[in-house]
Every structure is written in C-alpha cells, then in structure tokens.
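The values are calculated or read from the model by the stated rules, or taken from the named source; none is laboratory data. It should be emphasised that the depicted structure is a prediction, and the values quoted were computed from it without experimental measurement. Counting neighbours? That spans all protein chains shown, and the Cβs are built from the backbone with ideal geometry, glycine included.
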Amino acid sequence: MNIAAREPILTSRRLWPHLARHIKRTPPPTGADVLGAWVEGRRVRRRLRYDRAARAESIVRHADSLRDLRDSLLNDRILQARELVLLGKDKDAAIDEAFAVTREVIRRELGLALYVEQVIGGLIMADGACAEMATGEGKTVTAILPVALHGWSGRGVHVLTVNDYLASRDAEITAPVYRRLGMRVGVVVEATKQPDRRRAYDMDITYAADKQVVFDYLRDRLHSPPSATLSGSILESITGKGEAEWMSRVVHRGFNAVIIDEADSVLIDEAVTPAIIAAEELSEGSGEDAAGKHHRLAADIARDLTPEVDYKVDQKLRYVELTDEGRERLRDMTGQLPAFWTGPRRSEELVRTALVAKEVQVLGDDYIIRDEKVEIVDRSTGRVLEGRQWQMGLHQAVEAKEGLETTKARRTSTRISYARYFQQYRHVAGMSGTLREVSNELWRTYGLTVIRVPTHRPVIRQEKRDVVFKSESAKLTAVVDRVCEVHKTGQPVLVGTRSVLTSEEIGRMLIEKGVNCRILNAEREREEASIVELAGKVGAVTVATNMAGRGTDIKLDPTAKELGGLLVVGTERHSERRVDRQLFGRAGRQGDPGEAQMYVSFEDQLVRATGLPPLIWLAKTLPMRLTTMLLWRQAQILASMRAVSHRLSTARTDAWQELSMNTISR
C-alpha cells in the first residue's frame, strides 16, 4: 500500500530557477588563502568526524520496532516523519525518525535490511559530507536515506552517477521505496526526449548521469535570454504575462540538492576538462571544409618528419616541439604549397598539432574509432566520452591521421567547469569507495568533507606484492600464464587493464591459449551488464579496462567462494592510486575471500610519462624491492600532482572567463 505521491510543484519555470539556485562562486584559493582554507577545512572536518555508530544503532533498533506495524499504521508513521522533516524544529530527531521509517520501507519493498554501517553512511550524507564506503557495501540503497530527506521538500533532488546504465538501474531498484514514501521518480538518459526530460526534472527525485544534467544546464543557458533576471521574472508574474516561449525549452528547475555516487569520478576525474557546447563554424557547402584539408596535408607532412631529428616529444607534458632542423625542413616542404602555408607560425602550429596526434594520442588508449568517428576514451574510467571533442584542431588532426573525413571546426557557444556547476547546489553530498586520496581537493573545491565508513564484515582479501618485468611483452606473457594456471582450478579471474589496446591484446593471447574470456572495454560497453553478471561464476575469465571498477558489483557463486573467491590481476598501475584500489576492490566484497596482485613493467605508460630517471636506473640496476616500489609510488605522486594542477587551472580559467565576460549565471 503506497502513500499517494504528491503532484510535482510546478511553480513558474521562469521564477523557480532563480529562487531555487544557490550561487556560491568560490574560485580556487591562491597565496595565503590556501593556508586559510586548509585551516578552516581541518576545523570543519574535525567537527563532522564524530562517531555516528551509537546513533545508527539506535535508528536500527527503532526501525526494527516498526516491523510488526500494519501497512496503514506504517503509512501514518511515514506522514509523521515527513512533517517532522519539513518543520525542521529538531533536525537530528527528525532525521533519525525519517531514517528509521525509510529503513523499514526498504525492508518491505526491497527485502533488504540496512546494516548499521549503511545507516552511518546515510547520516554522513545527511550532514552534507562524502561517505567512503567500500565496494559491495550497498551504496545504492544507502543513498535512499538522504535522498528521501531532500525529496520530501518538493524542491527536487538529483541523484547522479557515472553513466546512463547505472542511473537507469539505480532508479529501477529504488523506485518502489520512493513511491511508498510518497515521492515520484524520474530518469534522464541520452535517449530521453526533451519533453520527457522536463517531466523527469519536475519529479521529486531525478536519477541521471552527471553529463546529462550538466549539458542540460548548458542547453538551458543557450535557450534563456540575457534579460531573464529574477526581478524581471517577478514583474512578469505579477503582470500576468505568463510563461515565455523560451521557457518551454528549459528543463532544469533549480539547484536544490544533489547526491553523487562515485563522487571522486564525477567531481574530480570529470573536472579535468570543462563541459562545452560547441557549434560548427559557418562555412559554404557541405562535407570537409578548407581547414580539414589543411589538417590532412599537415598529417602527411608529419608522417615524413623524423623523431628526435625534426622534433622532440615530451610524454610527461604530452607536447611536441619542432627542432631547428625540423623548422628548416618544414619551410622546404611547404615552399611550393598555397599561400596559406607561407606563414611560418601558421604552418608550424598546424604541423605541431599533427605531430601531437601522431605521437601522443594513441588509438585504443586515448580514443577508439566507432562508426567511422573518433570517440575519446576517458583514461580514468575507460568509458567513451560521448559527443566530446578535443579543442584547438587536435580532434581534426587525429581524424586526418586515421584517414577519416575531418569534422568541421567548432566554436564554443557556452561552457562551464564541473566545479562551477556543482557549486550552485544548496546541498551537496556523495559516496564512493575511493575518496581519501582526494579529500583535500574535495574540501578546497566543493567544501566537502570525507568520512570513512567501516565495512560491515572484515576485509579478508589478500593483496600480494607487485611483480616487476623489464618489458611489456614479458609482463603480458606472465599475466596470461598466471590466468591460464588459475583457470584450470575454476577460480574466477578479472584482469584489469589501463587501455582498450591492452585488453584486446590479452584477450587475443588468452584465446590462443584455449582460454575463453569475455572482454569489457569502451568498444563493448553495451555488453557491460551481461559480462559483469557472469564475472563471479566458476571458470569465468574477464578482461576489462577501468570501466569495470565503477558502480559494478561482481557477485560470487558458492563454489567460487570455496575456490578462493575472485582473483584480480592488474596489468599496469594507474596514475591515480585510488583507481588501483577501485580495481582491487572488485575482490573480497562483504567479507568474501579474494586475491589481488599487480603486474608492472618499466615500459608502462605511468613510468615512461612520470618516472624519475635516477629511480628508473636504480630500479633496473639493483634488485631492491624498496627502490622498485618507490619508483611507482613517486610516479603516481607526480602524475596526481599534475592532474590536480590541471584541474585547478581549469577552474581558474572558468572563473576568469565568467568574470571577464560578465556571464553571471542567470
């Protein structure tokens, strides 16, 4: 028996975004402000890191006392809890009552009784912080507790995750609970049409991938006229002019609250690049434009230039610089070309971009080709970044390198960094299994505190020492041999790779050895659900990029547990240590047995791009485990520092553009 869900509050869409938005513009601190922000962060985080165990246990006992209530009486308790939350007189008591009632509804609707640790995670998010919860601890249902609090307000709450599949899955799982609590649920995915998007955002709770809500907001900005101010909207409402025509195209209805699953992926990894909506430059005719032909010619020239003679590549900075000999040779090669190429600066810039496409952007690592189009791959998640393009002609240069028809150049119509977008919400909270490494950055950028939640059962996963090889080929051969050996016992195996290229190579080597395996990467992401579902079965061998480490839960069958649980074999350490932890976290969930080990080589991308030459020499020369581990640890630290610097630069650029162009959010 469900409580009737209230109709969504359809306050004038011209007023509501202004009234509901919380504008908090905080550019990254500089100078002495960095120290001040750190001190303030320590103070706030210390206040939020109190022991919630006793409070959570009390909530669980209270929820257990509701088990024998008839449905009609439980509905009365739901209404009472909602009223307490809306009145807000005794916030802690209201939250405790709401959590107890919601826990009982979850038990009745989903057949799951939340553990004390899950209630602790809900309390952390209700306090406006991020909960670090290990893999398999039930984050999806834990989020129901804080989401219900904000959903009852009628102002809307966004529940975000890393992709459309997870958003749809989570909404389907949790919808019966929300309906019983008297709320409506909407889902926004790539295929959702504009009118349906508008209805989904009008619901009490909206599930979506982060990119959907961010780009919907940018499209709203394009549709909204500069005159759409709060005072103007109030005047029009008073005079009864009604809703303007442009409002029918706007879908967002404000920034009340957001709960973010895989918060480090959304708030940190996605923040590397701003969200941009671009339009094609106007040009006559159709097909490849003049700029595309120039990129194609530059690609031909780049193929004829010799590395280390005509140009030098900096893999650390992902940059290419022409030498004096290269510039001289370029002038000779372009001497007979049209007038466009006679300007040395213009020709050097085009060829340099073509060389970056040739030497730095790697097929199967940085991008894939699908349907005759270049699709960018996210290095952190291994997923395709749908609709994204590199800027400054790099995307066209990669297309020319691959012999594809080049797309037309684009001009930026509107943009926003993830930091600026999420700072607009009144309430922000999140959860993930890997947050502690980025806790300082989350505080500095979003004012979010990270609090660790204890696991429900002890983690008994065995993590063995890294195995180091001199070459990539020796490493991959050893990985395949290890998988073949374990496969004979029936123990399930997950092989984690950093790139699409490596996953396909290992898959090919395993098949040649007679081992049937399933491959999960950006080229096969449509098969993700079916692949993950079988990955914990006896005899299963799964080869996957990092996309298998976010939001998925590999469940073991009883026989697989007896054989030792899931074996995770990593083939390369990631630039961010937390991504390695995410991969290892696939094994040993909820007290299950499991084993994890990393295989690395001196030819790994991380070492080549960020390793220090003295440490590399020592690690190769001396058979010292400490020196070898220092090399990879130092490489990860340097890569993480560079990523932090990049994200800070993106946030500062976005803040500067907003101020200089006077594009204050309307």
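Being surrounded by fewer than 20 Cβ atoms within 10 Å (Cβ to Cβ) and either part of a helix (DSSP H, G or I) or at pLDDT 95 or above (or both) is the filter here; which residues of region 142-181 pass it? Let's see the steps before the verdict.
Taking region 142-181 as the starting set, the residues that turn out to be surrounded by fewer than 20 Cβ atoms within 10 Å (Cβ to Cβ) are 153-154, 165, 168-169, 172-173, 175-176, 179.
TYR165, SER168, ARG169, GLU172, ILE173, ALA175, PRO176, ARG179, listed by residue number.
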Selection from region 254-294 of residues modelled with pLDDT of 90 or more and not β-branched (Val, Ile, Thr) yields PHE255, ASN256, ALA257, ASP261, GLU262, ALA263, ASP264, LEU267
Are any of the residues in region 582-603 out of contact with any strand residue (DSSP E or B) (no Cβ under 9 Å at 6 or more places or on another chain) and at negative phi?
-> no
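For region 587-611, what are the residues that are of a type in the set (Lys, Arg) and modelled with pLDDT of 90 or more?
Residues of region 587-611 of a type in the set (Lys, Arg): 589, 608.
Scanning region 587-611 gives no hits.
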Quick one: is GLU372 of a type outside the set (Phe, Trp, Tyr), outside the structural domain of ARG253 (by TED's automatic domain parsing) and either touching a residue at least 60 places away in the same chain (Cβ under 8 Å) or touching a helix residue (DSSP H, G or I) at 6+ places or on another chain (Cβ under 7 Å) (or both)?
-> no
Could you say whether any residue in region 129-137 is buried (at least 22 other Cβ atoms within 10 Å of the Cβ), of a type in the set (Gly, Ala, Ser) and assigned to a helix (DSSP H, G or I)?
-> no
SER503: buried (at least 22 other Cβ atoms within 10 Å of the Cβ) and assigned to a helix (DSSP H, G or I), yes or no?
-> yes
Pick from ARG61, ARG55, ARG46: which is at pLDDT 60 or above, surrounded by 13 or more Cβ atoms within 10 Å (Cβ to Cβ), assigned by TED's automatic domain parsing to the domain that holds PRO176 and not in a loop (DSSP other than H, G, I, E, B)?
-> ARG55
Please find, within region 433-447, the residue that is nearest to SER417 (Cα to Cα) out of those that are surrounded by fewer than 19 Cβ atoms within 10 Å (Cβ to Cβ) and touching a Gly at 6+ places or on another chain (Cβ under 9 Å).
-> GLY447
Pick from region 370-418 the residues that are over 22 Å from the mean Cα position of the chain (by Cα) and among the aliphatic types (A, V, I, L, M): which of them is modelled with the lowest pLDDT?
-> ALA409
Filter region 43-66 down to the residues that are without any contact (Cβ under 8 Å) to a residue 24 or more places away in the chain and under 32 Å from the mean Cα position of the chain (by Cα), then identify the one that is farthest from LEU114 (Cα to Cα).
-> ARG43
Search result, residues across region 366-381 that are part of a loop (DSSP other than H, G, I, E, B) and in contact with a Lys or Arg (Cβ under 8 Å, 6 or more places away or on another chain) | ASP366, ARG379, THR381
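Looking at the structure I just gave you, is VAL468 in contact (Cβ under 8 Å) with a residue 12 or more places away in the chain, at negative phi, in a strand (DSSP E or B) and surrounded by 16 or more Cβ atoms within 10 Å (Cβ to Cβ)? Quick ask: steps written out before the conclusion?
Numbers: in contact (Cβ under 8 Å) with a residue 12 or more places away in the chain: yes; at negative phi: yes; in a strand (DSSP E or B): yes; surrounded by 16 or more Cβ atoms within 10 Å (Cβ to Cβ): yes.
It is true that VAL468 is in contact (Cβ under 8 Å) with a residue 12 or more places away in the chain, at negative phi, in a strand (DSSP E or B) and surrounded by 16 or more Cβ atoms within 10 Å (Cβ to Cβ).
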